[in-house]
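Only one structure is covered here, and it is reproduced in the block below.
The values are calculated or read from the model by the stated rules, or taken from the named source; none is laboratory data. Because the structure is predicted, anything quoted here is derived from the model rather than measured. With ideal geometry, Cβ positions are generated from the backbone for all residues, glycine too; neighbour counts draw on all protein chains shown.
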């Protein structure tokens, strides 16, 4: 076997596969994340609200007493009250305690609302920016008034359609995040390390073609990211029932474009970095903001409008939005063409700039 | 001069080579010729400019001025071609740690379009048959250096350039590498430029020695010529129990005297030991000074280097 492009590609693959740590981060981590976050946000069968209840000094909390405790005087204990609701089971945990203690419970996140009673009326104490506090107020005041948590006008039909659950939102994000991380660490860091150990200069002191070297890096990483992504999608299908509703060809196309985009970025970032410590910092500086801002775990729509316009131009945002459109909205090739073009051009430009200024020695 | 020098064109010709880094003149006007089958040692302490010199010959660094001709051609227009002429081993190269010896050689062989047959030959030549399936990370220092040499030899290079190939190796590992190099010289007429700060390596392997410091050639020639050119050929090393009772240079025949604090002895450079030693002993006896240690030997490259620069070679 004398084909140096093929041997280089195989060597890069072997180098990666023989490192157990990187195998875990590449395959194990995205799956663990999807299990953890998927279960945390999708698998919950009941909703639990914690409420602090402060008995007033003259023992006037008649409303609470009559409603919850059949007129008896509440003791200084934790009382759980369940409400059956067609939306699932909503459970309230009332902590009957002092104001000081309730504040501590609030700070610890055990309760999100404190109830007092003044002149036969309930007073709700909560952070107006916390939606749970607001929900508690609406539900409990309904309960005191009508005897159930929801309003009796209108009816509720739970949405269980694929593509609308949190896990459907999460899986495309984990997929694109995995690709970015795999390329930025697997290519960028590995190249910086090869430079710092003088292996790059030793390799270019042979008739090796630099394009072969770079192509092999790209090809080996493509093979690995395809494998990573297929494992994640298969897992998500069998474990959570996540299905790709759109075109597989479109997914393949945007996948390729995303790979090109991050490969180009990796070459540019690694083009001059001399040692791995600086490399570590540079890679984290590039990947962390994208991981936080690009709507991987939660939608970026809650950021201010000016920030959204910035976030939308980040390559990870573009990549993730397009993959989500394919997986959850059934998008086809035509729908993602602009994303493919943007990511492809971004990758090509960063790659050629990086290569032009590349420090091989 | 090497006997082949008069008959053949040099494989490497270097003319007025200069290279500076900021205000440090790493290579400061070096001229050099290497002939086919000739082994040259570039000797000098750390920071003398050895690596900069060889990296310019290897095409890795560009000179500020001066010319380098390898088989009459320059790097500028003949990069790919010259990469096939040279076999190089850099100072402290790390290869891919999780590839085996054989896989590493196959990878580098592919750059020269060479197949597994050549890889097998090289593994035998560098005597790593038992380690061919071992990961590079599990090799000893000597084995790594032999692998680096094996990679340098893959393309049947006419010229080998090895930058401190034996630094940090134990004497056995060093000698094993020397034997491989001498075999190449006799069997393939390979030329070699070797940088080292081990004078015995230069003495054992090389036809010519170039001593450089601060980027300049201090002396060059065959070892014997270099030592002969020095007027003082012999050394008396003497350790005393008390302070020296007189200035040693007052003893007839002693040309230079210095104190070697490492061995706690005086190093006297003399023309002829047989003439000077009796006079010295007699004078010491008269002054009732007791001798702790006495050693007589011929001048070495290290002595020569100290005499030229005031520093040890491997300092």
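Things worth noting here:
- The number of residues in region B:227-285 being surrounded by 15 or more Cβ atoms within 10 Å (Cβ to Cβ), more than 34 Å from the chain's Cα centre (by Cα) and in a loop (DSSP other than H, G, I, E, B) comes to 1.
- Of the set (1) at pLDDT 90 or above; (2) in a helix (DSSP H, G or I); (3) away from chain A (no Cβ under 12 Å); (4) in contact with a helix residue (DSSP H, G or I) (Cβ under 7 Å, 6 or more places away or on another chain), all apply to residue B:121 but (4).
- Note on region A:204-253: residues that are surrounded by fewer than 21 Cβ atoms within 10 Å (Cβ to Cβ), over 18 Å from residue A:171 (Cα atoms) and free of Cβ contacts under 8 Å to residues at least 40 places away in the same chain amount to 3.
- Conditions (1) within 13 Å of another protein chain (Cβ to nearest Cβ); (2) within 27 Å of residue B:205 (Cα to Cα); (3) free of Cβ contacts under 8 Å to residues at least 60 places away in the same chain: number failed by residue B:151: (3)
- The criterion of at least 1 residues that are surrounded by fewer than 16 Cβ atoms within 10 Å (Cβ to Cβ) is met by the following strands (runs of 3 or more DSSP E) wholly inside region B:1-91: B:12-21, B:24-34, B:65-70.
- Residues in region A:287-315 that are assigned to a helix (DSSP H, G or I), in contact (Cβ under 8 Å) with a residue 40 or more places away in the chain and surrounded by fewer than 19 Cβ atoms within 10 Å (Cβ to Cβ): A:291 only.
- Checking A:273, A:350 one by one, the residue that is outside any helix (DSSP H, G or I) and surrounded by 14 or more Cβ atoms within 10 Å (Cβ to Cβ) is A:273 and no other.
- Every residue from region B:117-153 that is surrounded by fewer than 20 Cβ atoms within 10 Å (Cβ to Cβ) and under 21 Å from residue B:189 (Cα atoms): B:118, B:121, B:124, B:125, B:127
- Positions within region B:27-49 being touching a helix residue (DSSP H, G or I) at 6+ places or on another chain (Cβ under 7 Å) and either farther than 20 Å from residue B:219 by Cα or at pLDDT below 90 (or both), in sequence order: B:36, B:37, B:43, B:44
- Taking residues in region A:339-361 that are in contact (Cβ under 8 Å) with a residue 60 or more places away in the chain, and partners anywhere that are buried (at least 17 other Cβ atoms within 10 Å of the Cβ) and outside any helix (DSSP H, G or I), the pairs with Cβ atoms closer than 6 Å and at least 6 places apart or on different chains are A:354/A:271; A:357/A:271; A:358/A:271; A:361/B:60.
Okay, residues lined up against (1) buried (at least 22 other Cβ atoms within 10 Å of the Cβ); (2) without any contact (Cβ under 8 Å) to a residue 40 or more places away in the chain:
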residue	(1), (2)
B:175	no, yes
B:180	no, no
B:191	yes, no
B:195	yes, no
B:214	no, no
B:224	no, yes
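- Qualifying residue in region B:77-95 (condition: over 23 Å from the mean Cα position of the chain (by Cα), more than 11 Å from every other protein chain (Cβ to nearest Cβ) and closer than 21 Å to residue A:209 by Cβ): yes
- Of everything listed in (1) more than 24 Å from the chain's Cα centre (by Cα); (2) modelled with pLDDT of 85 or more; (3) surrounded by 15 or more Cβ atoms within 10 Å (Cβ to Cβ), the single unmet condition for residue A:149 is (2).
- Among the residues making up region A:322-338, those that are over 21 Å from residue A:177 (Cα atoms), in contact (Cβ under 8 Å) with a residue 40 or more places away in the chain and in a helix (DSSP H, G or I) are A:333, A:335.
- Selection count where residues are surrounded by fewer than 17 Cβ atoms within 10 Å (Cβ to Cβ) and either out of contact with any helix residue (DSSP H, G or I) (no Cβ under 8 Å at 6 or more places or on another chain) or part of a loop (DSSP other than H, G, I, E, B) (or both), scope region A:94-136: 22
- Residue within region B:103-116 that is in a loop (DSSP other than H, G, I, E, B), within 11 Å of chain A (Cβ to nearest Cβ), more than 23 Å from the chain's Cα centre (by Cα) and buried (at least 17 other Cβ atoms within 10 Å of the Cβ) present: yes
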